[in-house]
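Enquirer: I'd like to ask some things about the structure below.
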Amino acid sequence: MSTVVVTGRIPQPGVDLLRDAGHHVLAWDEPTPISRDELLRRVAGADVIVSLLTERIDAELLDAAGPQLRAVCNVAVGYNNIDVAACRERGVTATNTPGVLTDATADIAMALILMSTRRLAEGERLIRAREPWQWGMFMMLGSGIQGARLGIVGMGQIGVALARRARAFGMEIAYSNRKPCDTAVADELDASYLSMDELLATSDIVSLHCPYSPDTHHLISTPQLQAMKRSAYLINTARGPVVDEAALVAALEAGEIAGAGLDVFEKEPEVHAGLLDRDDVVLIPHLGSATIETRTAMATLAARNALGVLAGSGPVTPIS
Ligand code: GLV
(Lines give C-alpha, C1' and ligand atoms only; values in the text may rest on other atoms or scores of the structure.)
Protein backbone atom coordinates (compact mmCIF):
# COMPACT_ATOMS: atom_id res chain seq x y z
CA MET A 1 0.00 0.00 0.00
CA SER A 2 1.38 3.38 -0.99
CA THR A 3 0.51 6.80 0.34
CA VAL A 4 -0.99 9.32 -2.05
CA VAL A 5 -1.33 12.90 -0.83
CA VAL A 6 -3.93 14.92 -2.71
CA THR A 7 -3.29 18.61 -2.17
CA GLY A 8 -6.86 19.85 -2.64
CA ARG A 9 -10.42 18.73 -3.30
CA ILE A 10 -10.84 16.70 -6.49
CA PRO A 11 -13.90 14.86 -7.85
CA GLN A 12 -14.53 11.67 -5.90
CA PRO A 13 -14.00 9.23 -8.84
CA GLY A 14 -10.32 10.25 -8.81
CA VAL A 15 -10.00 9.49 -5.10
CA ASP A 16 -12.01 6.26 -5.49
CA LEU A 17 -9.66 4.96 -8.20
CA LEU A 18 -6.71 5.40 -5.84
CA ARG A 19 -8.50 3.90 -2.81
CA ASP A 20 -9.94 0.99 -4.81
CA ALA A 21 -6.39 0.11 -5.84
CA GLY A 22 -5.63 -0.25 -2.13
CA HIS A 23 -3.66 2.95 -1.57
CA HIS A 24 -3.82 5.16 1.48
CA VAL A 25 -5.21 8.47 0.23
CA LEU A 26 -4.67 11.55 2.31
CA ALA A 27 -6.82 14.24 0.70
CA TRP A 28 -7.12 17.86 1.75
CA ASP A 29 -10.88 18.22 1.97
CA GLU A 30 -11.39 21.89 2.79
CA PRO A 31 -12.89 24.31 0.25
CA THR A 32 -10.00 26.75 0.73
CA PRO A 33 -6.50 25.93 -0.57
CA ILE A 34 -4.14 24.22 1.83
CA SER A 35 -1.57 26.48 3.51
CA ARG A 36 2.05 26.03 2.55
CA ASP A 37 3.02 24.95 6.08
CA GLU A 38 0.26 22.37 6.26
CA LEU A 39 1.20 21.08 2.82
CA LEU A 40 4.87 20.73 3.76
CA ARG A 41 3.81 18.72 6.83
CA ARG A 42 1.30 16.56 4.95
CA VAL A 43 3.52 15.46 2.09
CA ALA A 44 6.07 13.87 4.42
CA GLY A 45 6.23 10.17 3.52
CA ALA A 46 4.10 10.47 0.36
CA ASP A 47 4.80 8.09 -2.51
CA VAL A 48 2.76 10.23 -4.88
CA ILE A 49 1.53 13.82 -4.67
CA VAL A 50 -1.61 14.60 -6.67
CA SER A 51 -1.38 18.36 -7.01
CA LEU A 52 -3.64 21.22 -7.99
CA LEU A 53 -2.42 24.24 -9.93
CA THR A 54 -2.72 26.40 -6.82
CA GLU A 55 0.15 24.51 -5.13
CA ARG A 56 3.80 25.24 -5.84
CA ILE A 57 5.68 21.97 -6.22
CA ASP A 58 9.30 22.97 -5.82
CA ALA A 59 12.54 21.55 -4.41
CA GLU A 60 11.53 22.43 -0.85
CA LEU A 61 8.27 20.51 -1.16
CA LEU A 62 9.86 17.53 -2.90
CA ASP A 63 12.45 17.32 -0.12
CA ALA A 64 9.73 17.64 2.52
CA ALA A 65 8.05 14.61 0.95
CA GLY A 66 11.22 12.53 1.16
CA PRO A 67 13.29 10.25 -1.08
CA GLN A 68 10.50 7.65 -1.45
CA LEU A 69 8.44 10.12 -3.53
CA ARG A 70 7.87 8.66 -7.00
CA ALA A 71 5.49 10.98 -8.78
CA VAL A 72 3.80 14.36 -8.84
CA CYS A 73 0.54 14.14 -10.78
CA ASN A 74 -0.89 17.55 -11.59
CA VAL A 75 -4.65 17.84 -12.05
CA ALA A 76 -4.17 20.42 -14.82
CA VAL A 77 -2.69 20.59 -18.28
CA GLY A 78 -0.56 23.63 -17.37
CA TYR A 79 2.31 22.68 -15.07
CA ASN A 80 4.07 25.96 -14.41
CA ASN A 81 3.38 25.29 -10.71
CA ILE A 82 5.80 22.33 -10.86
CA ASP A 83 9.58 22.62 -10.92
CA VAL A 84 10.02 19.83 -13.46
CA ALA A 85 13.84 20.04 -13.33
CA ALA A 86 13.77 19.56 -9.55
CA CYS A 87 11.52 16.52 -10.05
CA ARG A 88 13.89 15.10 -12.64
CA GLU A 89 16.93 15.60 -10.37
CA ARG A 90 15.18 13.55 -7.71
CA GLY A 91 13.93 10.84 -10.04
CA VAL A 92 10.33 11.95 -9.50
CA THR A 93 7.97 11.50 -12.48
CA ALA A 94 5.80 14.54 -13.25
CA THR A 95 2.50 14.21 -15.11
CA ASN A 96 -0.29 16.52 -16.29
CA THR A 97 -3.75 16.10 -17.82
CA PRO A 98 -3.67 17.05 -21.51
CA GLY A 99 -6.54 16.23 -23.85
CA VAL A 100 -9.40 15.86 -21.40
CA LEU A 101 -9.87 19.62 -20.95
CA THR A 102 -9.32 20.69 -24.55
CA ASP A 103 -12.98 21.15 -25.49
CA ALA A 104 -14.03 22.81 -22.23
CA THR A 105 -11.22 25.36 -22.47
CA ALA A 106 -11.79 26.04 -26.16
CA ASP A 107 -15.48 26.60 -25.35
CA ILE A 108 -14.52 29.20 -22.75
CA ALA A 109 -12.17 30.96 -25.18
CA MET A 110 -14.98 31.09 -27.77
CA ALA A 111 -17.38 32.35 -25.10
CA LEU A 112 -14.93 35.13 -24.18
CA ILE A 113 -14.61 36.11 -27.85
CA LEU A 114 -18.39 36.43 -28.11
CA MET A 115 -18.75 38.12 -24.72
CA SER A 116 -16.08 40.67 -25.57
CA THR A 117 -17.06 41.50 -29.12
CA ARG A 118 -20.81 41.56 -28.37
CA ARG A 119 -20.52 43.34 -25.01
CA LEU A 120 -22.49 40.63 -23.22
CA ALA A 121 -21.16 41.13 -19.69
CA GLU A 122 -21.70 44.87 -20.00
CA GLY A 123 -25.29 44.27 -21.13
CA GLU A 124 -25.92 41.90 -18.27
CA ARG A 125 -24.55 44.43 -15.80
CA LEU A 126 -26.86 47.08 -17.24
CA ILE A 127 -29.95 44.97 -16.60
CA ARG A 128 -28.86 43.89 -13.14
CA ALA A 129 -28.17 47.52 -12.23
CA ARG A 130 -31.90 48.09 -12.81
CA GLU A 131 -31.06 50.89 -15.24
CA PRO A 132 -33.94 51.95 -17.49
CA TRP A 133 -33.33 50.68 -21.02
CA GLN A 134 -35.09 50.21 -24.29
CA TRP A 135 -34.19 48.50 -27.54
CA GLY A 136 -32.41 51.02 -29.72
CA MET A 137 -30.89 50.92 -33.20
CA PHE A 138 -27.58 52.10 -31.85
CA MET A 139 -27.71 50.57 -28.42
CA MET A 140 -24.55 48.74 -27.28
CA LEU A 141 -23.29 47.93 -30.75
CA GLY A 142 -20.49 45.41 -30.82
CA SER A 143 -18.27 44.03 -33.57
CA GLY A 144 -19.28 41.05 -35.73
CA ILE A 145 -16.83 38.17 -35.92
CA GLN A 146 -17.81 36.76 -39.32
CA GLY A 147 -14.86 37.28 -41.63
CA ALA A 148 -12.73 38.58 -38.76
CA ARG A 149 -9.22 37.19 -38.35
CA LEU A 150 -8.56 35.15 -35.21
CA GLY A 151 -4.87 35.09 -34.33
CA ILE A 152 -4.07 32.06 -32.17
CA VAL A 153 -0.83 32.20 -30.19
CA GLY A 154 0.15 28.59 -29.42
CA MET A 155 -1.43 26.05 -31.77
CA GLY A 156 -1.59 23.04 -29.45
CA GLN A 157 -4.71 20.98 -28.84
CA ILE A 158 -6.68 23.85 -27.32
CA GLY A 159 -5.62 26.32 -30.04
CA VAL A 160 -6.77 23.87 -32.72
CA ALA A 161 -10.06 23.19 -30.92
CA LEU A 162 -10.73 26.94 -30.71
CA ALA A 163 -9.87 27.34 -34.40
CA ARG A 164 -12.47 24.69 -35.31
CA ARG A 165 -15.11 26.53 -33.32
CA ALA A 166 -14.11 29.87 -34.81
CA ARG A 167 -14.31 28.48 -38.36
CA ALA A 168 -17.91 27.48 -37.65
CA PHE A 169 -18.53 31.13 -36.76
CA GLY A 170 -17.07 32.23 -40.11
CA MET A 171 -13.73 33.47 -38.78
CA GLU A 172 -10.44 33.35 -40.64
CA ILE A 173 -7.62 31.60 -38.77
CA ALA A 174 -4.02 32.71 -38.37
CA TYR A 175 -1.61 31.27 -35.85
CA SER A 176 1.82 31.67 -34.45
CA ASN A 177 3.67 28.72 -32.95
CA ARG A 178 7.19 27.35 -32.52
CA LYS A 179 6.59 25.31 -35.67
CA PRO A 180 3.83 25.00 -38.26
CA CYS A 181 1.06 22.61 -37.28
CA ASP A 182 0.23 19.41 -39.14
CA THR A 183 -0.48 20.05 -42.82
CA ALA A 184 -3.79 18.20 -42.59
CA VAL A 185 -4.91 20.41 -39.67
CA ALA A 186 -3.67 23.61 -41.33
CA ASP A 187 -5.53 22.65 -44.53
CA GLU A 188 -8.72 21.74 -42.67
CA LEU A 189 -8.67 25.12 -40.92
CA ASP A 190 -7.29 27.03 -43.90
CA ALA A 191 -4.94 28.50 -41.29
CA SER A 192 -2.06 30.88 -42.06
CA TYR A 193 1.18 30.41 -40.16
CA LEU A 194 2.45 33.87 -39.23
CA SER A 195 5.26 35.41 -37.26
CA MET A 196 4.14 36.87 -33.95
CA ASP A 197 4.61 40.40 -35.39
CA GLU A 198 2.42 39.66 -38.40
CA LEU A 199 -0.19 37.96 -36.26
CA LEU A 200 -0.42 40.89 -33.84
CA ALA A 201 -0.61 43.48 -36.60
CA THR A 202 -3.31 41.75 -38.64
CA SER A 203 -5.62 39.94 -36.20
CA ASP A 204 -9.00 41.22 -35.08
CA ILE A 205 -8.87 38.93 -32.07
CA VAL A 206 -5.69 37.56 -30.50
CA SER A 207 -6.23 34.47 -28.32
CA LEU A 208 -3.44 33.06 -26.13
CA HIS A 209 -2.95 29.29 -25.85
CA CYS A 210 0.74 28.89 -25.09
CA PRO A 211 2.13 27.33 -21.91
CA TYR A 212 3.52 29.68 -19.28
CA SER A 213 7.30 29.52 -18.78
CA PRO A 214 10.12 32.06 -18.39
CA ASP A 215 10.05 32.29 -22.23
CA THR A 216 6.40 33.36 -22.31
CA HIS A 217 6.46 35.64 -19.26
CA HIS A 218 4.87 38.94 -20.41
CA LEU A 219 4.80 37.69 -23.98
CA ILE A 220 2.10 40.33 -24.39
CA SER A 221 3.32 43.65 -23.05
CA THR A 222 3.39 47.27 -24.27
CA PRO A 223 5.11 46.74 -27.66
CA GLN A 224 2.83 43.82 -28.54
CA LEU A 225 -0.32 45.67 -27.46
CA GLN A 226 0.76 48.69 -29.48
CA ALA A 227 1.35 46.44 -32.48
CA MET A 228 -2.28 45.22 -32.36
CA LYS A 229 -5.09 46.91 -34.27
CA ARG A 230 -6.90 49.56 -32.25
CA SER A 231 -10.10 47.62 -33.00
CA ALA A 232 -8.67 44.29 -31.78
CA TYR A 233 -9.48 42.20 -28.70
CA LEU A 234 -7.13 40.13 -26.54
CA ILE A 235 -8.36 36.83 -25.09
CA ASN A 236 -6.41 34.93 -22.42
CA THR A 237 -7.38 31.46 -21.22
CA ALA A 238 -3.75 30.29 -20.88
CA ARG A 239 -1.96 31.65 -17.81
CA GLY A 240 -2.18 35.15 -16.35
CA PRO A 241 1.51 36.12 -16.40
CA VAL A 242 1.69 35.60 -20.17
CA VAL A 243 0.14 39.09 -20.21
CA ASP A 244 1.66 42.13 -18.53
CA GLU A 245 -1.54 43.24 -16.80
CA ALA A 246 -0.32 46.78 -16.05
CA ALA A 247 0.57 47.21 -19.74
CA LEU A 248 -2.86 45.87 -20.71
CA VAL A 249 -4.60 48.42 -18.47
CA ALA A 250 -2.50 51.21 -19.99
CA ALA A 251 -3.27 50.01 -23.54
CA LEU A 252 -7.01 49.91 -22.83
CA GLU A 253 -6.83 53.32 -21.20
CA ALA A 254 -5.06 54.74 -24.27
CA GLY A 255 -7.50 53.05 -26.68
CA GLU A 256 -4.69 51.03 -28.22
CA ILE A 257 -6.89 47.93 -28.33
CA ALA A 258 -10.68 47.62 -28.18
CA GLY A 259 -11.04 45.20 -25.29
CA ALA A 260 -10.02 42.00 -23.55
CA GLY A 261 -11.56 38.79 -22.29
CA LEU A 262 -9.64 37.23 -19.41
CA ASP A 263 -10.06 33.90 -17.65
CA VAL A 264 -6.67 34.03 -15.95
CA PHE A 265 -4.77 36.75 -14.09
CA GLU A 266 -1.20 37.68 -13.45
CA LYS A 267 -1.39 37.46 -9.66
CA GLU A 268 -4.34 35.11 -9.36
CA PRO A 269 -6.69 35.34 -7.53
CA GLU A 270 -5.91 39.08 -7.41
CA VAL A 271 -7.12 41.07 -10.39
CA HIS A 272 -5.43 44.34 -11.36
CA ALA A 273 -7.57 47.16 -9.94
CA GLY A 274 -7.36 48.98 -13.27
CA LEU A 275 -9.37 46.20 -14.94
CA LEU A 276 -12.21 45.96 -12.48
CA ASP A 277 -14.30 48.96 -13.52
CA ARG A 278 -13.71 48.79 -17.25
CA ASP A 279 -16.62 47.92 -19.50
CA ASP A 280 -14.27 46.91 -22.31
CA VAL A 281 -12.98 43.96 -20.29
CA VAL A 282 -14.69 40.65 -19.53
CA LEU A 283 -13.38 38.98 -16.37
CA ILE A 284 -14.13 35.40 -15.34
CA PRO A 285 -12.47 33.42 -12.52
CA HIS A 286 -10.27 30.77 -14.22
CA LEU A 287 -13.16 28.62 -15.46
CA GLY A 288 -11.45 27.10 -18.52
CA SER A 289 -11.87 23.48 -17.46
CA ALA A 290 -14.71 24.02 -15.02
CA THR A 291 -17.33 21.48 -16.06
CA ILE A 292 -18.30 18.49 -13.95
CA GLU A 293 -17.38 16.12 -16.79
CA THR A 294 -14.02 17.73 -17.46
CA ARG A 295 -12.93 18.06 -13.85
CA THR A 296 -13.93 14.43 -13.27
CA ALA A 297 -11.91 13.35 -16.32
CA MET A 298 -8.93 15.39 -15.07
CA ALA A 299 -9.10 13.81 -11.60
CA THR A 300 -9.35 10.29 -12.96
CA LEU A 301 -6.51 10.86 -15.46
CA ALA A 302 -4.29 12.17 -12.65
CA ALA A 303 -5.23 9.10 -10.57
CA ARG A 304 -4.43 6.78 -13.51
CA ASN A 305 -1.08 8.50 -13.86
CA ALA A 306 -0.39 7.89 -10.17
CA LEU A 307 -1.47 4.25 -10.41
CA GLY A 308 0.68 3.69 -13.50
CA VAL A 309 3.77 4.94 -11.71
CA LEU A 310 3.02 2.96 -8.55
CA ALA A 311 2.36 -0.23 -10.52
CA GLY A 312 5.55 0.22 -12.52
CA SER A 313 3.72 0.32 -15.87
CA GLY A 314 4.40 4.04 -16.28
CA PRO A 315 2.18 7.12 -16.39
CA VAL A 316 -0.41 7.71 -19.11
CA THR A 317 0.46 11.36 -19.72
CA PRO A 318 3.97 12.19 -18.48
CA ILE A 319 5.34 15.69 -18.81
CA SER A 320 8.08 15.17 -21.38
C1 GLV B 1 -6.10 24.85 -16.13
O2 GLV B 1 -5.84 26.00 -16.12
C3 GLV B 1 -5.17 23.83 -16.52
O4 GLV B 1 -4.01 24.12 -16.82
O5 GLV B 1 -5.58 22.67 -16.53
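Enquirer: Going by accessible area, probe 1.4 Å, with all protein chains left in place, what is the ranking of D58, D277, largest first?
Expert: Details: D58 30, D277 145 Å².
From most exposed to least exposed: D277, D58.
Enquirer: Leaving out ligands and nucleic acids, and using a 1.4 Å probe, what accessible area per residue does the stretch 267-320 come to in Å²?
Expert: Values: 2860 Å² over 54 residues.
So the stretch 267-320 comes to 53 Å² accessible per residue, rounded to a whole number.
Enquirer: Further, regarding this structure: Which values, in whole Å and largest first, are the semi-axes of the equivalent ellipsoid of the stretch 262-309 obtained as the square root of 5 times each eigenvalue of the Cα gyration tensor?
Expert: For the stretch 262-309, the ellipsoid semi-axes come out as 33, 12, 6 Å.
Enquirer: Return the Cα extents of the chain along principal axes one, two and three, sorted largest first, each rounded to a whole Å.
Expert: If we take the Cα atoms of the chain, the spans are 68, 50, 32 Å.
Enquirer: Something else now. Evaluate the charge dipole of the stretch 161-206 about its Cα centre and quote only its size in Debye, nearest 20, assuming +1 on the Cβ of each Lys and Arg and -1 on the Cβ of each Asp and Glu.
Expert: Working: 5 positive and 8 negative charges, 46 e Å.
That gives the stretch 161-206 a dipole magnitude of about 220 debye.
Enquirer: Would you check the accessible area of C73, probe 1.4 Å, heavy atoms only, in square angstrom rounded to 10?
Expert: Near enough 0 Å² of accessible area.
Enquirer: If you don't mind, there's one more thing I want to ask. At I292 and E30, where each label point lies 7 Å from the Cα along Cα→Cβ, what is the point-to-point distance in nanometres?
Expert: My value for the distance between the label points is 2.7 nm.
Enquirer: Next question, about the same structure. With the crude spin-label approximation of a point 7 Å out along Cα→Cβ, what separation in nm comes out for A311 versus Y193?
Expert: Taking the two extended label points, one gets 3.9 nm.
Enquirer: With a Cα-only, solvent-free Debye model of the stretch 131-186, what are the log10 I(q)/I(0) values at q = 0.17 Å⁻¹?
Expert: Result of the Debye calculation: -0.61.
Enquirer: Please return the longest range in the chain lying between exposed loop sites, taking chymotrypsin sites (Phe, Trp or Tyr not before Pro), DSSP loop only, at most 11 other beta-carbon atoms within 10 Å, and leaving the sites out.
Expert: Details: sites that count: W135, F138.
It works out to 139-320.
Enquirer: Next question. Where is the GNM fluctuation largest for the chain (alpha-carbon springs, 10 angstrom cutoff): I49, I158, I284?
Expert: I284
Enquirer: Which of A121, A129, A258 moves most in a GNM of the chain, Cα contacts under 10 Å?
Expert: Taking springs between Cα atoms under 10 Å, the residue moving most is A129.
Enquirer: Taking every alpha carbon pair in the stretch 205-316, what does the distance histogram look like in 5 angstrom bins from 0, in percent?
Expert: The distribution over the stretch 205-316 is 2, 11, 19, 19, 15, 10, 8, 7, 5, 3, 1, 0, given as percents.
Enquirer: Can you tell me the accessible area per residue over the stretch 97-161, all protein chains present, probe 1.4 angstrom, in square angstrom? Before the final figure, lay out the partial values.
Expert: Numbers: 3560 Å² over 65 residues.
Dividing the accessible area of the stretch 97-161 by its residue count gives 55 Å².
Enquirer: Given a 10 angstrom Cα cut-off, can you work out which residue in T183, T93, T102 is the most mobile in a GNM of the chain?
Expert: Sorting by GNM fluctuation, first place goes to T183.
Enquirer: Can you send over the carbon and sulfur percentage of the accessible area for the chain, probe radius 1.4 Å, protein chains only?
Expert: 53 percent
Enquirer: Another question about this same structure. Give, in whole angstrom and from largest to smallest, the semi-axes √(5λ) of the equivalent ellipsoid of the stretch 1-80, with λ running over the eigenvalues of the Cα gyration tensor. Each step should come with its number before you reach the end.
Expert: Details: eigenvalues 60, 47, 28 Å².
After diagonalising the Cα gyration tensor, the semi-axes are 17, 15, 12 Å.
Enquirer: Oh, and also: Describe numerically, in nm with one decimal, the distance between label points set 7 Å from Cα along Cα→Cβ at V185 and at R118.
Expert: Inter-label distance under the simple model: 2.7 nm.
Enquirer: Take the Cα atoms of the stretch 177-236, find their three principal axes, and give me the spread along each one in whole Å, biggest first.
Expert: Answer, in whole Å and largest first: 35, 29, 17 Å.
Enquirer: Within the stretch 90-125, name every residue whose backbone N is under 18 Å away from a label modeled 7 Å from Cα of D277 along the Cβ vector.
Expert: The answer is 122, 125.
Enquirer: Please compute the Cα-Cα pair-distance distribution of the stretch 59-98 with 5 Å bins starting at 0, giving whole percents from short to long.
Expert: Distribution as computed: 7, 25, 37, 20, 10, 1 percent.
The values are calculated or read from the model by the stated rules, or taken from the named source; none is laboratory data. Bear in mind the structure is a predicted one, so any value in this text is a computation, not a measurement. Note: ideal-geometry Cβ built from the backbone for every residue, glycine included; neighbour counts use all protein chains shown. In case anyone asks, the SASA skips ligands and DNA or RNA and just uses the protein heavy atoms, side chains included. Shrake-Rupley method; radii C 1.70, N 1.55, O 1.52, S 1.80 Å.
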